[in-house]
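A short worksheet on the structure shown next.
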Amino acid sequence: MPPESSNTPFAFSDPEFVAQYVEGPPRFVPGFADLHRMSAILLAESAPQAARILVLGAGGGLELKAFAERHPNWEFDGIDPASEMLQLARKTLGPLESQVRLHTGYIDDAPEGPFDGATCLLTLHFLDSEERRRTLAEVRRRLKRGAPFVTVHASLPHGDDERARWLARYAAFAKSSGVDSEQAETARRGVQSGVTILAPEQDEAMLRGVGFSNVGLFYAGFVLRGWVAYA
């Protein structure tokens with residue numbers, strides 16, 4: 001989960017960062033490829049054969065590619081505020097782009113749907129609590145009744161010592177994946193101060209508060225947590 005903030009080198013509008021982006025997430029996110037596979041499985045449990053899926057934070061196109069390869073009959077609407085990242089998504093998708101419509105912007109720029117499922121992977125921690133709540137409500141409004149929503153983002157207990165311990169493990173994972181020590185420490189500081197991290201119980205309460213039900217944890221990778229919930 002390389003974050004974008006003024007304290008880090010990870011900037012989604014920086015052409016140099018965008019050019020190297022595909023290499024980044026697997027080195028920072030434990031089980032990155034399996035995370036996409038699990039997300040696709042959770043969507044497929046409820047989605048019809050010809051499903052329409054909303055992918056929020058789709059820049060880079062990595063999850064779009066993974067989903068489209070597994071489900072050639074699905075169609076996707078991908079939303080991201082960084083036009084440079086959407087250009088990368090087009091390159092990543094290649095011929096699979098025929099299954100995808102890409103939109104520059106935020107949740108308000110997404111089609112109304114209704115969608116058969118939605119994902120928001122490694123994105124919500126870039127939003128403050130109030131905007132996160134509003135975004136979740138808008139995602140739910142665009143889903144069919146009972147449709148799944150899969151979200152993964154930074155989520156940690158609030159105790160300073162415990163949070164620091166997990167952030168150190170996050171940096172250690174990146175270093176063990178071949179990330180330069182200085183870059184890994186810069187990323188750790190960026191996550192610590194540059195993104196909004198709620199406690200897991202707060203994240204679950206927020207999902208329920210905007211109307212999602214059957215909220216269940218399906219993934220945990222050091223500083224990251226992932227849930228599936230239903231509209």
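The values are calculated or read from the model by the stated rules, or taken from the named source; none is laboratory data. Bear in mind the structure is a predicted one, so any value in this text is a computation, not a measurement. All Cβ positions, even for glycine, are placed from backbone atoms using ideal geometry, and neighbour counts span all protein chains on display. SASA here: full protein model, heavy atoms, side chains in, ligands and nucleic acids out. Shrake-Rupley method; radii C 1.70, N 1.55, O 1.52, S 1.80 Å.
Between the residues Val152, Val195, Gln87, the greatest Cα displacement towards the positive end of the dipole of the chain, with unit charges on the Cβ of Lys, Arg, Asp and Glu, is found for Val152.
Given an 8 Å cut-off on Cα distances and at least 6 residues of separation, report the relative contact order of the chain as a percent. Numbers along the way, then the final one.
Details: 431 pairs, mean separation 51.9, N = 231.
Result for the chain is 22 percent.
Note on the chain: with neighbouring protein chains present and a 1.4 Å probe, carbon and sulfur make up 47 percent of its accessible heavy-atom surface. Per-residue 3J(HN,Hα) values for the stretch 109-114, derived from phi via the Karplus relation 6.51 cos²θ - 1.76 cosθ + 1.60 with θ = phi - 60°, read 8, 6, x, 6, x, x Hz in sequence order (x marks Gly and Pro). Across the stretch 169-186, computed HN-Hα scalar couplings (Karplus, 6.51 cos²θ - 1.76 cosθ + 1.60, θ = phi - 60°) run 5, 4, 5, 5, 4, 4, 4, 5, 8, x, 6, 4, 4, 5, 5, 5, 5, 5 Hz from first to last residue, x flagging Gly and Pro.
Tell me, what is the per residue accessible area of the chain in Å², probe radius 1.4 Å? Show your work: numbers first, answer last.
Working: 10000 Å² over 231 residues.
Ligands and nucleic acids excluded, the figure is 43 Å² per residue.
Looking at the chain alone, DSSP beta bridges between its own residues are antiparallel in about 40 percent of cases. Look at the alpha carbon pairs under 8 Å that are at least 6 residues apart: their mean separation over the length of the stretch 21-140 gives a relative contact order of 27 percent.
Summary of the geometry: the stretch 75-122 and the stretch 194-217, compared by the centres of their Cα atoms, lie 23 Å apart.
Between amide H atoms placed 1.01 Å from N, distances below 5 Å from Phe115 occur with Leu143, Lys144, all of them 5 or more places distant or on a separate chain.
Taking the chain as a Gaussian network of alpha-carbon nodes connected by springs under 10 Å, the highest mean-square fluctuation of the residues Thr119, Thr186, Thr151 belongs to Thr186.
Cross-link reach is defined here as a Cα-Cα straight distance under 18 Å, omitting same-chain residues fewer than 8 places apart; for Lys65 the lysines meeting it are Lys91.
Relative protection proxy for 97-108, 216-227, from highest mean packing down: 216-227, 97-108 (other beta-carbon atoms within 10 angstrom). Amide H neighbours of Glu75 under 5 Å, counting only residues 5+ apart in sequence or on other chains, H built in-plane at 1.01 Å? Sorted by chain and number, the residues that satisfy this are Ala51, Arg52, Ile53. The three principal axes of the C-alpha atoms in the chain carry coordinate ranges of 45, 38, 28 Å, sorted with the longest axis first. Taking amide H as placed 1.01 Å from N in the peptide plane, the amide H of Leu198 sits under 5 Å from that of Leu156, each at least 5 places away or on another chain.
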